[in-house]
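Bear in mind that the values in this text are calculations on the coordinates, not laboratory data. Here the structure is a predicted model, which means the values were calculated and not measured. Here Cβ is always computed from backbone atoms with ideal geometry, including for glycine, and neighbour counts include all displayed protein chains.
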Amino acid sequence: MHFLSPLLESYIANHSEPEPLLLTELTRETHLKVVQPRMITGHFQGRVLSMLSKIINPAYILEIGTYTGYSALCLAEGLQKNGELHTIEVNEELYQLQRKYFDRSDFGDQIFQHTGDALDIIPNLDKTFDLVFIDAQKVNYDAYFEAAITKTRPGSIILSDNVLWSGKVVEPLQKGDKATEALLAYNEKLKTDPRVETVLLPIRDGLTLSRVL
């Protein structure tokens, strides 16, 4: 589902910060070499992530779901000088592609890759994260949130991607659609969870911003 016309989407992108050349190259290589390239963050949402990170100016960022590294590079733009971004990806085949672009960026020595199940990795990260970005298996969003919030502080921001799920969240739930069912429950949880205050932004496929209280 397109929430805005292609003409409006183009206008928005053209009147936002331009996409860095490195990210344009990463997008091209992702489309050439990786399955499901539509999963890449993209220009406009990438600039939104970059701006939010710059406003927050985090010392520590946690990303759950690296894919090819586009969103990690956007989030890293707001890191403090000696800050760290820890990104987790279950698909080990993407590791070298991610690393190539991380090392070509200005943040290569600040980005730490972890390969495996985020629910196994997060408990072993000895950091308090100022910014968390969740963009992995939708059926596990609640579990990712619960694991991540234990590693935050009051004022930390947790971002959750794809929470509108191509508009399926407002359509009749199809039998066996576990991802949509999980996102419906997750969106309701964030709205009512007393540990956070939340706003759902209609950016691309839906981006929820939750502030830890």
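Return the FRET efficiency for the residue pair residue 22, residue 91: r is the Cβ-Cβ distance, R0 is 30 Å, and the value is rounded to the nearest 0.05.
Calculated transfer efficiency: 0.90.
Looking at the chain as a GNM with Cα springs under 10 Å, which of 29, 77, 63 has the largest mean-square fluctuation?
29
Grab the DSSP H runs of the chain that are 4 residues or longer, score each as -39,500 (n - 2.57), total them, divide by all residues and round the 222 nm result to the nearest 500 deg cm²/dmol.
-11000 deg cm²/dmol
Given labels modelled 7 Å from the Cα in the Cβ direction, how far is it in nm from residue 100 to residue 192?
With each label point 7 Å from Cα toward Cβ, the separation is 4.8 nm.
Express as a percent, rounded to the nearest 5, the fraction of DSSP beta bridges in the chain (both residues included) that run antiparallel.
35
Answer with a single label: of [x] 12.3; [y] 14.4; [z] 11.7, which was calculated as mean projected area of the Cα convex hull in nm² from the structure in view?
The value matching this structure is [z].
So which trypsin sites (Lys or Arg not before Pro) in region 25-114 end up in coil per DSSP with only 10 or fewer other C-beta atoms within 10 Å?
In loop regions of region 25-114 (DSSP not H, G, I, E or B), the sparsely surrounded trypsin sites (Lys or Arg not before Pro) are 81.
Can you tell me how region 1-69 classifies by the Cα gyration tensor, rounded, prolate or oblate, using a/c under 1.5 as the rounded cut?
oblate
Provide the gained length on full extension for the span residue 169 to residue 181, in nm with one decimal, where the gain is 0.36 nm per separating residue minus the Cα-Cα distance.
3.5 nm
Calculate, for residue 128 and residue 211, the FRET efficiency according to 1/(1 + (r/R0)^6) with r their C-beta to C-beta distance and R0 22 Å; round to the nearest 0.05.
For residue 128 and residue 211, the calculated efficiency is 0.90.
Pick out which of 172, 58, 154 has the largest mean-square fluctuation in a Gaussian network model of the chain, springs linking Cα atoms closer than 10 Å.
Per the Cα network of the chain with a 10 Å cutoff, 172 tops the list.
Contour minus end-to-end for residue 199 and residue 150, with contour as 0.36 nm per residue of separation and end-to-end as the Cα-Cα distance?
In short, 15.6 nm is gained.
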